[in-house]
Amino acid sequence: MNTIKRVLGILWVILAVAAAYFCVFEFGLPKLLSDQQEDLVFGIIILFILTPLIVLGLGTFGYFAVIGEYNDEKK
């Protein structure tokens, strides 16, 4: 079970990197660089609020899973 947790931790870290790419380059910057007011607000929300929350959440959870913080063994 601990091996599965570590493998899934690696998956969460990879998902964090993928989420960072998509949030910045696919969703945030195109909206931020458009000339419409509602796109500008949406781009700011994506880039400065949602992206750090998503990436830090996934990355932290994956990191702790990889280092074995969620193992079943009691210390």
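The values are calculated or read from the model by the stated rules, or taken from the named source; none is laboratory data. The structure presented is a predicted model; accordingly, all values stated were derived computationally and were not measured. Ideal geometry is used to build each Cβ from the backbone, glycine not excepted, and the neighbour counts take in all protein chains shown.
Observations
- Flag if TYR63 is of a type outside the set (Val, Ile, Thr), under 16 Å from the mean Cα position of the chain (by Cα), at pLDDT 95 or above and within 18 Å of ASN2 (Cα to Cα): yes
- Residue match in the range 27-35 (condition: surrounded by 12 or more Cβ atoms within 10 Å (Cβ to Cβ), part of a loop (DSSP other than H, G, I, E, B) and either among the acidic types (Asp, Glu) or out of contact with any Pro (no Cβ under 9 Å at 6 or more places or on another chain) (or both)): yes
- Within this structure, LYS74 fails the test of being of a type in the set (Lys, Arg) and either at pLDDT 90 or above or in a helix (DSSP H, G or I) (or both).
- The range 1-25 residues that are at pLDDT below 95 and polar (S, T, N, Q), paired with ones that are surrounded by 12 or more Cβ atoms within 10 Å (Cβ to Cβ) and not in a helix (DSSP H, G or I) (beta carbon under 8 Å, 6 or more apart): ASN2/GLY68; ASN2/ASN71
- Among the residues of the range 43-60, those identified as out of contact with any Gly (no Cβ under 6 Å at 6 or more places or on another chain) and buried (at least 17 other Cβ atoms within 10 Å of the Cβ) are THR51, ILE54, VAL55, LEU58, GLY59.
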